[in-house]
Amino acid sequence: MKKQHFYDVRINWIGNNGTGTSSYAAYNRDFEISGTDKPPIPGSSDPAFRGNKMRYNPEELLVASLSACHMLWYLHLCAEAGIVVLKYNENASGVMQETEDGSGFFKEVTLNPVITVSEKAMIETAIDLHKKANEMCYIAKSCNFPVHHKPTVIT
């Protein structure tokens, strides 16, 4: 039997300024994401859609989810392969395209990790493991757009 995992989060909109959604400009887009025994994540829409730039928007959270999932699989695969990762930092970016009806879609996400390994002899394998990490990442496998990788591995 195949395992299934279930994930529950709560979204609480906190943007009612007194008149609810009486007009497009009457409310703010702030919300909180929460889960049992976890700190809340402050959210809003992208500032291009009247959101609060000081809060995470869903598009950023999608890019972050891809980045985190890839990193966790990558670290797992490195540990199995005997690659000693000392540091992992990432600047991930995504491109969303708006459509004429006001909706949109992600065209692509690019992951740009900078990884420090303990030995120079590990660099080639450390670079190669990104392909396998992408194949294993649950989030990347669920996307209908390409997820690119441009890793830099140093000692």
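Between 63, 109, which is under 14 Å from the mean Cα position of the chain (by Cα) and within 30 Å of residue 26 (Cα to Cα)? Break it down into steps so the answer makes sense when it comes.
Working: 109 fails: within 30 Å of residue 26 (Cα to Cα).
Just one listed residue meets the conditions, 63.
Between 1, 71, 54, which is surrounded by 16 or more Cβ atoms within 10 Å (Cβ to Cβ) and of a type in the set (A, V, I, L, M, F, W, C)?
Details: 1 fails: surrounded by 16 or more Cβ atoms within 10 Å (Cβ to Cβ); 54 fails: surrounded by 16 or more Cβ atoms within 10 Å (Cβ to Cβ).
After ruling out the rest, the residue left standing is 71.
Select, from 100, 60, 80, the only residue that is assigned to a loop (DSSP other than H, G, I, E, B) and acidic (Asp, Glu).
Checking each option against the conditions leaves just 100.
When you look at residue 109, is it of a type outside the set (Ser, Thr, Tyr), part of a helix (DSSP H, G or I) and either surrounded by 14 or more Cβ atoms within 10 Å (Cβ to Cβ) or modelled with pLDDT under 95 (or both), yes or no? Even if it seems obvious, please write down each step before you answer.
Working: of a type outside the set (Ser, Thr, Tyr): yes; part of a helix (DSSP H, G or I): no; either surrounded by 14 or more Cβ atoms within 10 Å (Cβ to Cβ) or modelled with pLDDT under 95 (or both): yes.
No; evaluated as a whole, the condition is false for this residue.
Results for (1) within 16 Å of the chain's Cα centre (by Cα); (2) touching a residue at least 40 places away in the same chain (Cβ under 8 Å), shown as yes or no for each residue.
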residue: 18; (1), (2): no, no
residue: 25; (1), (2): no, no
residue: 33; (1), (2): yes, no
residue: 36; (1), (2): no, no
residue: 47; (1), (2): no, no
residue: 69; (1), (2): yes, yes
residue: 75; (1), (2): no, no
residue: 83; (1), (2): no, yes
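Could you list, ordered by first residue, the pairs with Cβ atoms under 9 Å in which the first is in the stretch 128-152 and closer than 16 Å to residue 95 by Cβ and the second is exposed (fewer than 14 other Cβ atoms within 10 Å of the Cβ), at least 6 apart or interchain?
144/105; 145/95; 145/105; 145/107; 146/107; 149/131
Out of the stretch 12-29, which residues are surrounded by 10 or more Cβ atoms within 10 Å (Cβ to Cβ) and either among the hydrophobic types (A, V, I, L, M, F, W, C) or in contact with a helix residue (DSSP H, G or I) (Cβ under 8 Å, 6 or more places away or on another chain) (or both)?
In the first step, residues of the stretch 12-29 are kept if they are surrounded by 10 or more Cβ atoms within 10 Å (Cβ to Cβ); the result is 12-17, 20-22, 26-29.
Matches in the stretch 12-29: 13, 14, 26, 29.
The values are calculated or read from the model by the stated rules, or taken from the named source; none is laboratory data. The model shown is predicted, which means the values in this text are computed figures rather than measured ones. No Cβ is skipped: glycine too gets one built from the backbone with ideal geometry, and neighbour counts run over all protein chains shown.
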